[in-house]
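Shown next, in structure tokens, is the structure this report addresses.
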Amino acid sequence: MKTAVTLMVRDEADVLPAWLEHHVAQGFDVFVITDNGSVDGTAELLAAFADRGDVVVDLRHDPVHRKQQGVVVTGMARDAAVLHGADWVVNADADEFIVPVDRSLTVGQVLERLDPAVGAFTVPVVNMTGAMAESGAGLGRLHWRDERSAEELRAVGLLAPPSSNAVHVGDPEVVVVQGNHQVSVANGAPVPDELRLEVLHLPWRSWAQYAHRVEVSGLAYEANPELSPSPRHHGMRDYRRLREGVLRAVFSLRFVDDEDAAVGPFRRDDTIAELLLTPRGGAASGVEVPAEVDVPAAEFRALRATGRAVLARDHRIEELEDAVRDAEATAEMLRSTVQHERDRADAANRRIGEVEAELTAVRARRVVRLADRAGEVARRVRRH
């Protein structure tokens with residue numbers, strides 16, 4: 001059996017070495033990777049990884065920045081099956097670490113035991129959080145599973161918990177939807193509980209990483225006229241906040257210190273650190289781990305206060321926008337109603353005019369007939 005993972009990546013040098021080592025250790029045989037025009041050293045890291053002899057690395061380059069992930073990943077997933085004979089394919093991002101729920105297994109062992117009749121199945125994604133940092137990959141720092149409710153997440157500027165990812169059997173005609181959350185392969189059987197997988201997600205590793213990500217994502221959306229995200233799309237919201245200079249404050253609300261996390265809707269999970277880091281904090285495989293530069297506690301508290309104020313302002317703006325839209329919709333309905341009544345009145349006036357014209361014509365015909373009869377009577381009288 002052969003397992004493959006696809007990756008479209010751009011500027012993820014902080015976490016990429018750990019991601020690559022993790023997925024090698026988890027038993028993946030084939031890596032189909034597209035570098036999307038990285039400029040932070042990611043391309044060089046991938047070139048070095050491609051020289052490995054223990055796994056197959058199909059490295060590609062696509063420098064276009066137009067949010068074309070769905071098309072690119074679909075092509076990689078198909079090639080994983082056609083060119084590399086993959087029995088199972090995982091489509092991942094560089095901040096996603098897939099692991100079995102049973103930590104005594106590897107992903108490769110799970111997929112080897114899984115019946116191909118399953119076809120495709122979804123894997124839950126868990127956001128990992130912790131202390132806020134200026135820089136660093138967060139492999140040991142982000143050790144809290146974020147289990148805030150959808151309402152609690154919205155209160156800190158997040159739309160909802162993350163969507164599940166899709167894993168599927170190798171298929172030369174598969175279609176992967178933008179975001180890797182859905183595929184065209186049908187689910188044919190349930191996954192046994194003992195073979196369940198999950199993704200530990202590190203989307204907010206540091207301020208430096210996230211600010212860069214928001215900027216390049218916003219510019220990519222602007223460059224692709226075929227995509228028209230809502231102004232309230234989470235990426236577009238953060239892009240506006242970045243330009244306004246308030247994103248850092250809002251970003252701080254996604255983090256939590258250990259003291260607050262211990263009594264909140266968070267659960268400690270050191271899986272990533274245990275799998276990837278030595279007791280001294282370095283990478284177990286010898287890969288260089290970026291230095292962690294934490295945000296001081298006092299600054300973190302001040303940022304959170306500002307962030308809450310910004311969110312309150314943004315929520316109020318959205319309420320007012322909704323009120324304006326509702327008022328405009330009501331006004332349009334009233335305009336339509338008035339126009340409808342005007343049209344009815346005009347139609348009624350036209351009908352009245354038609355009826356009056358018809359009555360006039362009838363009266364005229366009646367007068368003519370009466371005159372004709374009177375003339376006939378007068379003629380008869382004269383003859384007699």
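We did not get these values from a lab; they are worked out from the coordinates using the rules stated. Just so you know, these numbers come straight off a predicted model, no measurement behind them. Heads up, the Cβs are rebuilt from the backbone with ideal geometry, glycines too, and the neighbour counts pull from every protein chain shown.
Structure data summary
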quantity: The chain: angle of helix 297-383 to the longest principal axis, Cα-based, in degrees nearest 10; calculated: 20
quantity: Residue 64 versus residue 263: modelled label distance in nm, points set 7 Å from Cα along the beta carbon direction; calculated: 5.4
quantity: Theoretical gain in end-to-end length, residue 293 to residue 321 [0.36 nm per residue, Cα-Cα removed]; calculated: 6.1 nm
quantity: Using alpha-carbon coordinates, inclination of helix 69-82 to the longest axis of the chain, degrees; calculated: 60
